[in-house]
1. Can you report the number of residues in the stretch 10-38 which are out of contact with any helix residue (DSSP H, G or I) (no Cβ under 9 Å at 6 or more places or on another chain) and of a type outside the set (Asp, Glu)?
2. Test Lys86 against the stated conditions and say whether it is modelled with pLDDT under 95, of a type outside the set (A, V, I, L, M), out of contact with any Gly (no Cβ under 6 Å at 6 or more places or on another chain) and under 17 Å from Leu115 (Cα atoms).
3. Within the stretch 26-57, take every residue that is surrounded by fewer than 18 Cβ atoms within 10 Å (Cβ to Cβ) and closer than 10 Å to Asp9 by Cβ and give me the one that is nearest to the chain's Cα centre (by Cα).
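The values are calculated or read from the model by the stated rules, or taken from the named source; none is laboratory data. Given the structure is predicted, the values throughout are model-derived calculations rather than measurements. Here the Cβ positions follow ideal geometry from the backbone for every residue, glycine too, while neighbour counts run over all protein chains shown.
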Amino acid sequence: MSKILIVEDEQNQRELYSMILQEDGYEVDQASNGKEAVDKVKANKYDLVVLDIRMPEMDGIEALGKILSRDKKIPIIIYTAYSNYKSNFMTWTADAYITKSSNLTELKDKIAEILASRAK
């Protein structure tokens, strides 16, 4: 079972993503900001991280850099409501950049695709 870390400051969104991914058979852990995400990555092994950008304490771009400096192989999907960050070169180090939608199909498909490619 793949273990996924959801990093999202909005609790309702975080809970929704966790519930949907658990229904798909993933083990899911949660963080409410970038600092908490970095601490969790230090303490646990994740197969994939879903990362929001705009969060308190530490934003997703700073967290992305810190997570990848610890583990360059961990796949990260940036999942944000803000498409304008796509031009920020720091986001290019993520495995995918998806703009949030009420339909979670694109996120679920990208998670499955990345995990399948890593399993090979």
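1. 9
2. Values: modelled with pLDDT under 95: yes; of a type outside the set (A, V, I, L, M): yes; out of contact with any Gly (no Cβ under 6 Å at 6 or more places or on another chain): yes; under 17 Å from Leu115 (Cα atoms): no.
In short, no.
3. Arg54
Residue-wise test of (1) under 22 Å from Lys110 (Cα atoms); (2) touching a residue at least 60 places away in the same chain (Cβ under 8 Å); (3) not small (Gly, Ala, Ser).
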| residue | (1), (2), (3) |
| --- | --- |
| Ala37 | yes, no, no |
| Lys42 | no, no, yes |
| Tyr46 | yes, no, yes |
| Val50 | yes, yes, yes |
| Ala63 | yes, no, no |
| Leu68 | yes, no, yes |
| Ile77 | yes, no, yes |
